[in-house]
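Visitor: Before I ask anything, here is the structure I am working with.
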Amino acid sequence: MTRISIPQLLEKQAAGEAIVMVTAYDHPGARAAERAGVDMVLVGDSGAQVVLGYDATVPVTTDEMLVLARAVRRGTETAFVVCDLPFGATEESDAQAVASSVRFLKEAGADAVKLEGGNASRLSRIRAIVEAGIPVVGHIGLTPQTATALGGLRAQGRTTASAERLVAEALGVEAAGAFCLVVEAVPAELTAVLREALAIPIIGIGAGDADGQVLVLHDLLGITEGRAAKFVKRYAAIGDDMATAVAAYAAEVRSRAFPGPEHGYAASEEAVAAARA
Ligand code: KIV
Ligand code: NA
């Protein structure tokens, strides 16, 4: 099985076939995505929250992301693997951004990296990484790494100024060389405008119809606790299933219903007698 290539992703876009992206952070998650036949797997820095228990994406380090990324890579065969560059991995300079991206390719086998934002310094980072020969996915709209500066985790592009800024950023990200753009928490009408303005595929999350969609795996599986963002659709309640299964196990351990004879090993009578003696 060969891995999906960027030209194949662009062919899907040209054919009007929706591109399917989902996040994964470990081997079983990657296997589920692979078995489902998704086109792209994102090792998102959302893993900071959904698997590492941080309360935001900002704290996760490149070293931590690399552990997750390697597990995901080992679980995929055909899916195109994109790795998020975490906060702090690109902020200092273009050279730092290239060095961080190189680590995701060399140490984790990433096919591309993704970075947030579209201001002048972000565009400079994208250009530098692309010039180094590394495919880049952009990410604009709600950008969780800088959510505090955006005024919180809130939809973007709802005012004239914000909508104009998003169009400028999208055009900038494309001109800087990104081959794909994630647009998060933006009104569908604005996404439609962006799709007309850009040639590269737009992967939406909370952005209405787009060339493709992405969701956080643990959100769609119903593992994430608490209130989900408006744009999340839960396709299962795995978190409840996990807790229910562990509770059933705990009850059977306490009642000594587990383990049963079928969970153990047989010994010959002679061996038992010898052990007694
Ligand atoms: O980290 C993440 O999961 C993401 C997606 C929501 C696009 O960046
Ligand atoms: Na992310």
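Visitor: Among 113-120, 44-51, what's the highest-first ranking by average C-beta atoms within 10 angstrom per residue?
Guide: Put in order of decreasing packing, that is 44-51, 113-120.
Visitor: At what distance in angstrom do the alpha carbon centres of the stretch 47-82 and the stretch 203-277 lie from each other?
Guide: Centre-to-centre (Cα) distance: 20 Å.
Visitor: At 0.36 nm per residue, and after removing the present C-alpha to C-alpha distance, how many nm does the segment from residue 56 to residue 161 gain when stretched out fully?
Guide: 35.1 nm
Visitor: Pick from 178, 33, 266: which residue has the top mean-square fluctuation in a GNM of the chain where Cα pairs under 10 Å get a spring?
Guide: 266
Visitor: Explain nothing, just the number: relative contact order of the chain, from Cα pairs under 8 Å at least 6 residues apart, as a whole percent.
Guide: Relative contact order here is 14 percent.
Visitor: Give the shape of the stretch 6-236 as rounded, prolate or oblate, defined through the alpha-carbon gyration tensor: a ≥ b ≥ c are the square roots of its eigenvalues, a/c under 1.5 means rounded, and otherwise the shape is prolate if a/b is larger than b/c and oblate if not.
Guide: rounded
Visitor: At residue 67 and residue 99, where each label point lies 7 Å from the Cα along Cα→Cβ, what is the point-to-point distance in nanometres?
Guide: 2.2 nm
Visitor: On to the next question. List the trypsin sites (Lys or Arg not before Pro) within the stretch 183-255 that fall in a DSSP loop (any state other than H, G, I, E or B) and whose Cβ has at most 13 other Cβ atoms within 10 Å.
Guide: Counting only loop positions with at most 13 other Cβ atoms within 10 Å, the trypsin sites (Lys or Arg not before Pro) in the stretch 183-255 are 227, 230, 233.
Visitor: Report the extension gain between residue 249 and residue 230 in nm, rounded to one decimal, defined as 0.36 nm multiplied by the number of residues separating them, less their alpha carbon distance.
Guide: Working it through step by step, the gained length comes to 3.4 nm.
Taken together, the values in this text are just the output of simple stated rules run on the coordinates, not laboratory data. Owing to the predicted nature of the structure, the values given are computational and were not obtained by experimental measurement. So basically every Cβ, Gly included, is an ideal-geometry build from the backbone, and we count neighbours across all protein chains shown.
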